[in-house]
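Heads up, the thing below is written out as structure tokens.
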């Protein structure tokens, strides 16, 4: 099966449904299979002290103003959900609190779900996701060791759920020397039979391409219309031109890898007639 390419819109829409739709259309043009958003109840995810911290942004002077300004409304998501059907692209979310997960499931019943690295250590949340009958769940492993990863893998295996474990580094943007793409192999060896993907927070093409070469079945990359735009994720994102190249190169790597079965191609037989003249003439 072809590698899944997930265009992570996240909060790069900056709270604008127009920008969100533009990002969805760009992802579709680039050849992405899916678009993913983030949904969180700011007052649950962040402490009052954190929300009260001074922070200049287009929405005000505190972290609370900024975090709330970056969220889309449910009416925005209703609109975007309908647009995703029109564009014929799969749309899903990573939820950062139980209330958001419950509401997403109630309103949309998406086929796919994502457990973000921030939520991997929240076992009650992960168990709730594992009980939902999604077609597939993507699980990111950033900021976690095996003591936090193993229980989540076990609960999904125990319930027979379809899932991909995503190697991820929770650092935005992550420099190449720290991406550790060989973790794709390490995770595949530790969890036999579990599909392994790569959730990218680096700034280039190479780590994602290497991940596919090492057997990643899915690649998630942030997409933006302009990397110079306001936002914490923009620097780890790709503009449409780069994202389109990412899709193209990942597909090319997958094609070049082949199936590993030794065979002599018909075209090789034609070459052999010329290059092995000695065989026909003793």
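The values are calculated or read from the model by the stated rules, or taken from the named source; none is laboratory data. This one's a predicted model, so the numbers in the text were calculated from it and none came from an experiment. Cβ: placed from backbone, ideal geometry, glycine included. Neighbour counts: every protein chain shown.
Quick notes on this structure:
- Restricting attention to the stretch 231-270 and to residues that are without any contact (Cβ under 8 Å) to a residue 12 or more places away in the chain, closer than 22 Å to residue 217 by Cβ and part of a helix (DSSP H, G or I), the residue that is nearest to the chain's Cα centre (by Cα) turns out to be 252.
- Any hit, the stretch 3-17, residues being under 25 Å from residue 121 (Cα atoms) and surrounded by fewer than 20 Cβ atoms within 10 Å (Cβ to Cβ): no
- Residue 174 under 16 Å from the mean Cα position of the chain (by Cα) and either under 12 Å from residue 196 (Cα atoms) or exposed (fewer than 13 other Cβ atoms within 10 Å of the Cβ) (or both): no
- If the condition is being closer than 22 Å to residue 201 by Cβ, buried (at least 21 other Cβ atoms within 10 Å of the Cβ) and touching a helix residue (DSSP H, G or I) at 6+ places or on another chain (Cβ under 7 Å), then the stretch 98-124 contributes 113, 115, 119, 120.
- The residues listed here are 202, 226; of these, the one that is in a loop (DSSP other than H, G, I, E, B) and buried (at least 19 other Cβ atoms within 10 Å of the Cβ) is 202.
- The numbered conditions (1) surrounded by 20 or more Cβ atoms within 10 Å (Cβ to Cβ); (2) on the phi > 0 side of the Ramachandran plot are all true for residue 215 except (1).
- Residues of the stretch 62-86 that are out of contact with any helix residue (DSSP H, G or I) (no Cβ under 7 Å at 6 or more places or on another chain), crowded, with 19+ Cβ neighbours inside 10 Å and over 22 Å from residue 107 (Cβ atoms): 66 alone.
- Exactly one residue out of 212, 219 is in a helix (DSSP H, G or I), under 20 Å from residue 236 (Cα atoms) and in contact (Cβ under 8 Å) with a residue 60 or more places away in the chain, and it is 212.
- Lone qualifier among 11, 98 - being in contact with a strand residue (DSSP E or B) (Cβ under 7 Å, 6 or more places away or on another chain) and under 30 Å from residue 196 (Cβ atoms): 11
- Of the numbered criteria (1) surrounded by fewer than 17 Cβ atoms within 10 Å (Cβ to Cβ); (2) under 17 Å from residue 13 (Cβ atoms); (3) in contact with a strand residue (DSSP E or B) (Cβ under 8 Å, 6 or more places away or on another chain), the one residue 55 fails is (2).
- Per-region count, the stretch 200-218, residues over 22 Å from residue 259 (Cα atoms) and out of contact with any helix residue (DSSP H, G or I) (no Cβ under 8 Å at 6 or more places or on another chain): 0
- A single member of 212, 179, 203, 219 is modelled with pLDDT of 95 or more and over 14 Å from residue 3 (Cα atoms), and it is 179.
- Residue in the stretch 33-44 that is nearest to the chain's Cα centre (by Cα), counting only those that are surrounded by fewer than 16 Cβ atoms within 10 Å (Cβ to Cβ) and in contact (Cβ under 8 Å) with a residue 40 or more places away in the chain: 41
- Taking the criterion of being assigned to a helix (DSSP H, G or I) and under 19 Å from residue 4 (Cα atoms), the residues of the stretch 18-69 that qualify are 23, 24, 25, 26, 27, 28, 29, 30.
- Some residue of the stretch 250-265 being surrounded by 20 or more Cβ atoms within 10 Å (Cβ to Cβ) and farther than 18 Å from residue 142 by Cα: yes
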